[in-house]
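Undergrad: Sharing a structure here in structure tokens format.
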């Protein structure tokens with residue numbers, strides 16, 4: 001199969017879907033791999049690293065999409081990509097269609113088959129292609145939130161870990177999956193007091209094991225309201241596979257926080273789990289609502305493209321191999337990942353969308 005890897009076009013997105021070694025492995029398996037010129041530069045991979053492994057370089061996006069039968073990219077296609085996608089393309093990338101009816105309509109009109117990384121699902125319900133980026137986003141959420149608490153950034157001027165003679169900062173995390181768990185681990189290691197809200201007892205138990213400064217609680221509404229009111233940093237990491245994220249932090253809760261506090265919505269790709277959230281970019285990453293700094297960048301892992309590209313490539317390569325083999329519909333995990341095909345919505349979480 002001819003596999004095409006285009007340059008990412010989302011604002012300040014530096015990831016590349018296939019690093020050179022992975023592309024080279026596909027070539028060894030008999031596939032023809034095309035990479036758009038410069039696609040790997042922001043991740044630290046030059047064109048000649050691909051060429052040495054037998055990968056072909058497309059001079060621009062038009063040539064790349066023309067040559068490719070399967071298009072493997074990181075983020076959802078935007079205007080420039082959409083103009084080049086065809087009905088016969090097999091698209092494999094993050095899509096997050098639930099909060100994006102316009103993009104969904106465009107893909108349906110094109111008529112292609114699109115398999116979304118975030119909805120490839122194993123028999124145990126785990127999401128192997130979402131997990132690595134969720135972990136990175138969870139870590140970035142704490143790193144960025146810590147920085148935004150600094151007074152020159154408009155924050156309340158608090159050091160999360162504290163030190164002798166000062167109080168520790170407080171971090172509240174909503175959800176203890178891959179993203180929330182990574183946030184909790186890093187926040188706990190910083191010395192902050194961490195409160196994690198999680199419905200699943202097994203995950204709550206894992207959070208308690210992170211240290212004596214971590215408390216795991218069931219997300220009763222009034223209890224969330226109480227804990228959020230005294231938080232310096234709140235991180236939202238709630239996920240319903242393929243669907244719009246539920247609002248677990250209300251405007252009233254945000255209003256009850258101290259001025260200069262920070263909220264980070266990791267679920268923003270799926271519409272956001274805070275009532276006050278709206279998508280932002282790395283170019284303009286924050287805004288203030290109800291006196292609280294909001295960070296809701298839709299491609300958080302794109303800030304560390306070398307690490308992110310290596311991580312996502314290792315996760316997706318076995319599935320790229322299956323898709324390129326031609327008999328991939330025998331793989332239940334990939335079949336669950338189909339979002340649209342032949343002009344129809346396929347994934348159950350999308351079938352009730354208002355288009």
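Read-outs: derived from the displayed coordinates by stated rules, not from any lab. This structure is a prediction, so every number in the text was calculated from the model and none was measured. Cβ placement follows ideal geometry from the backbone for every residue including glycine, while neighbour counts extend to all protein chains displayed.
Undergrad: Given the Cα-Cα distance of residue 220 and residue 122 and 0.36 nm per residue of separation, how much length would full extension add, in nm?
TA: Working: separation 98, 0.36 × 98 = 35.28 nm, distance 2.97 nm.
Taking 0.36 nm per residue and subtracting the Cα distance, the gain is 32.3 nm.
Undergrad: Calculated from the structure, Cα extents along the principal axes in Å equals which of [x] 90, 45, 35; [y] 60, 47, 40; [z] 63, 43, 34?
TA: [z]
Undergrad: Moving to a separate point now. Relative to the longest principal Cα axis of the chain, at what angle does helix 178-189 sit, 0 to 90 degrees, rounded to 10?
TA: 40
Undergrad: At 0.36 nm per residue, and after removing the present C-alpha to C-alpha distance, how many nm does the segment from residue 289 to residue 60 gain when stretched out fully?
TA: Details: separation 229, 0.36 × 229 = 82.44 nm, distance 4.08 nm.
Full extension from residue 289 to residue 60 adds 78.4 nm.
Undergrad: Where in the stretch 12-27 is the amide nitrogen less than 12 Å from a point lying 7 Å along the Cα-to-Cβ axis of residue 52?
TA: 20-21
Undergrad: Given contacts defined as C-alpha pairs under 8 Å and at least six residues apart, what's the relative contact order of the chain, whole-number percent?
TA: Working: 815 pairs, mean separation 69.4, N = 355.
Taking the mean separation of contacting Cα pairs over the length of the chain, I get 20 percent.
Undergrad: Let me ask something else. Roughly what would the spin-label model give for residue 199 and residue 87, points 7 Å off Cα along C-beta, in nm?
TA: That separation, rounded to one decimal, is 4.1 nm.
Undergrad: Can you give the relative contact order of the stretch 246-355 as a percent, counting alpha carbon pairs under 8 Å and 6+ residues apart?
TA: After rounding, I find 18 percent.
Undergrad: As an exercise, use a Förster radius of 41 Å and the Cβ-Cβ distance of residue 327 and residue 208 to find the FRET efficiency, rounded to the nearest 0.05.
TA: Details: r = 45 Å, r/R0 = 1.09.
After rounding, the FRET efficiency stands at 0.40.
Undergrad: Using alpha-carbon pairs under 8 Å, 6+ residues apart, how would you state the relative contact order of the stretch 131-302 in percent?
TA: Relative contact order, the stretch 131-302: 21 percent.
Undergrad: Further question on the same structure: Please arrange 331, 265, 124, 342 by counting, for each residue, the other beta carbons lying within 10 Å of its beta carbon, fewest first. Before the final figure, lay out each step's value.
TA: On the way: 331 16, 265 31, 124 5, 342 10.
Going from least to most buried by this count: 124, 342, 331, 265.
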